[in-house]
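Q: Below are the structure tokens for one structure; questions will follow.
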Amino acid sequence: MAKPVVIVVGADKGGVGKTTVARTLLDYFSANNIASRAFDTESPRGTLKRFHPDLTEIVDMTATSDQMKIFDTLNSVNPSVTVIDVRAGLLSPSLAALRDIGFLDAAKGGQITFAVFHILGPSIASLDEIAETANFMQGAKYFLVKNFINNTSFFEWDQATYNSYFHRIKDATELTIPKLNEMAYEQVEVASVPFLKFVANKGMKDEAANYSFVLRGYVRHWLANVWSEFDRIKLTDLVGSGKSGARGGEK
Amino acid sequence: MSRTPVYIICSPRPLVGKTLIARLLGEFLLLKNGTVAAFDINLKEPSLLEYLPGITETAEVDDTFGKMALMDRLIVNDAIAKVIDLGFHAFDEFFKMSEEIGFMKEAARRGVSPVILFVADTDRASAGGYAMLQQQIPATALVTIENEYVVRGELPSTMSDGRILRIAALPVFLKTYIDRLTFSFTDYLRHEKDSSTELHQWIRKNYFSFRELELNLILQRS
């Protein structure tokens, strides 16, 4: 049986695009025929669940019963990839909890593939999280995600500051999520469907929809750019599939 | 089902004759098909809307609302030919957006045939614009307009490889005549008894060129 894969998407700051990145990951796995499931920690009402209701379960990461629901089932369920969208402010506590239950040791020992997508905000305080989070990253693949979807800048204008944060952790891999046209983003929000279905002009139940061709074009272009970043970091290899070739969603 | 042609008349340069060609083509399609939809994205130059208000609506590509309003109409295979008079100021933005949203591919899939009518000039901006279009537009859908009034017989060599549609220069007094807002090419053909006049022949020659262009489109598809 394939080694279970757990991908945590999080940040200690709100509004930096955690759920957006989690959505693109689920779309990416879907397009690459990799079975996945997701947990949304925005209890009791999850945003991720709104877009991927069939794959997503809402959990409370601080509750032991829900921790068991996620981690005790890693080896027993069919989807080998588990994506956890961690609520704002819960990244560090969640990683601490994972350490306490021995999950991080299992990842270090190679029994589980563990990756963290750390979505960065624009403030120095947000960047300080990197150092804090890095303490938990032994045995994990650590991705620093610069999310430009909300026009953030990351001190590129000050190279010294930029380097002091982004080059602090040598094993971290930088990832860039480009900006998506605001109206296109809003329209997908209103439609409450995965990006892939929006591009394919379909509703949640695969019924024909009537989204703007222009907005679908923007989303398709943007999603292709995001996925090329996932291809660059060899995400399919990481999850043990290794087949990022022709994808249904890119037709 | 037949395919719907979308003619995009463009140039990164002002005052090269885009609106004149859009008027000619609009009137030709109206005469031939009885219907045509024209879009004026050229409000900073002589405006198609002023010449053909009955078939023309304004459009813009400055913001996403404008792009949606325009492109969501252009992508429909409704058997109504479309003519777009694309102003020089909107040239870069239109084709950047078109590339980004995959307009050409989606059009092909939906039975829409975009034809880019690039009005040539001899300057650097035109050379750059044409090179960009060559990258983006299939050669079969890219037509260079050689407006003799603008290029004076010196069409740049880079633009002379593909399909070319020539528009002969008219004497100044005739140009002034056809530039009147009330002038209609088709009305002139209908009402002018003497078919040997220079203007009569000029209009008929241009209409014939458009008909050839249409036939080529049909041949390409078959």
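Q: B:Ile116: part of a strand (DSSP E or B) and away from chain A (no Cβ under 14 Å), yes or no?
A: Yes, satisfied.
Q: Determine the pairs where a residue that is closer than 15 Å to B:Thr35 by Cα, located within region B:66-86, has a partner that is among the acidic types (Asp, Glu) and surrounded by 23 or more Cβ atoms within 10 Å (Cβ to Cβ) with Cβ atoms under 7 Å apart, the partner being 6 or more residues away or on another chain.
A: none
Q: Does B:Ala141 qualify as being within 16 Å of B:Ile116 (Cβ to Cβ), touching a residue at least 12 places away in the same chain (Cβ under 8 Å) and of a type outside the set (Lys, Arg)?
A: Yes; evaluated as a whole, the condition is true for this residue.
Q: Criterion first (surrounded by fewer than 21 Cβ atoms within 10 Å (Cβ to Cβ), at pLDDT 95 or above and over 19 Å from B:Phe210 (Cβ atoms)) does B:Glu93 satisfy it?
A: In short, yes.
Q: When the residues of region B:119-131 are filtered to those that are within 21 Å of B:Leu25 (Cβ to Cβ) and not charged (D, E, K, R), which remaining residue is nearest to the other protein chains (Cβ to nearest Cβ)?
A: Selected residue: B:Gly129.
Q: Out of (1) under 26 Å from B:Glu50 (Cα atoms); (2) modelled with pLDDT under 95; (3) surrounded by fewer than 12 Cβ atoms within 10 Å (Cβ to Cβ), what's the single condition that is false for B:Glu198?
A: Checking B:Glu198 against (1) under 26 Å from B:Glu50 (Cα atoms); (2) modelled with pLDDT under 95; (3) surrounded by fewer than 12 Cβ atoms within 10 Å (Cβ to Cβ), the one that fails is (2).
Q: Another question, if that's okay. Out of all the residues in region A:178-228, which are in a helix (DSSP H, G or I), within 10 Å of another protein chain (Cβ to nearest Cβ) and of a type in the set (Phe, Trp, Tyr)?
A: Within region A:178-228, A:Phe213, A:Tyr218, A:Trp222 qualify.
Q: Which residues, counting only those in region B:57-86, are surrounded by fewer than 23 Cβ atoms within 10 Å (Cβ to Cβ), more than 18 Å from B:Val115 (Cβ to Cβ) and not aromatic (Phe, Trp, Tyr)?
A: B:Glu57, B:Thr58, B:Glu60, B:Asp62, B:Asp63, B:Thr64, B:Gly66, B:Met68, B:Ala69, B:Asp72
Q: I'm trying to understand the selection: among the residues of region B:62-78, which are more than 15 Å from A:Met183 (Cα to Cα) and not in a helix (DSSP H, G or I)?
A: Once the filter is applied, which keeps residues that are more than 15 Å from A:Met183 (Cα to Cα) and not in a helix (DSSP H, G or I), region B:62-78 yields B:Ile75, B:Val76, B:Asn77, B:Asp78.
Q: Residues of region B:85-103 being on the phi < 0 side of the Ramachandran plot and within 8 Å of another protein chain (Cβ to nearest Cβ), which ones?
A: Answer for region B:85-103, where residues must be on the phi < 0 side of the Ramachandran plot and within 8 Å of another protein chain (Cβ to nearest Cβ): B:Met97, B:Glu100, B:Ile101, B:Phe103.
Q: Additional query: Among B:Ser126, B:Ser209, B:Ser157, which is the only one that is in contact with a Lys or Arg (Cβ under 7 Å, 6 or more places away or on another chain), under 28 Å from B:Phe94 (Cβ atoms) and polar (S, T, N, Q)?
A: The conditions single out B:Ser126.
Q: I need a count of the residues in region B:165-185 that are more than 27 Å from B:Ala141 (Cα to Cα), of a type in the set (A, V, I, L, M) and assigned to a loop (DSSP other than H, G, I, E, B).
A: 2
Q: If you go through region A:75-92 one residue at a time, do you hit one that is without any contact (Cβ under 8 Å) to a residue 60 or more places away in the chain and either closer than 15 Å to A:Thr113 by Cα or part of a helix (DSSP H, G or I) (or both)?
A: yes
Q: Please pick out the residue among A:Arg37, A:Arg50, A:Arg99 that is at pLDDT 85 or above, over 28 Å from A:Asp237 (Cβ atoms) and charged (D, E, K, R).
A: A:Arg50
The values are calculated or read from the model by the stated rules, or taken from the named source; none is laboratory data. What you see is a predicted model, and the numbers here were worked out from it, not measured in a lab. Backbone-built Cβ (ideal geometry, glycine too); neighbour counts: all protein chains shown.
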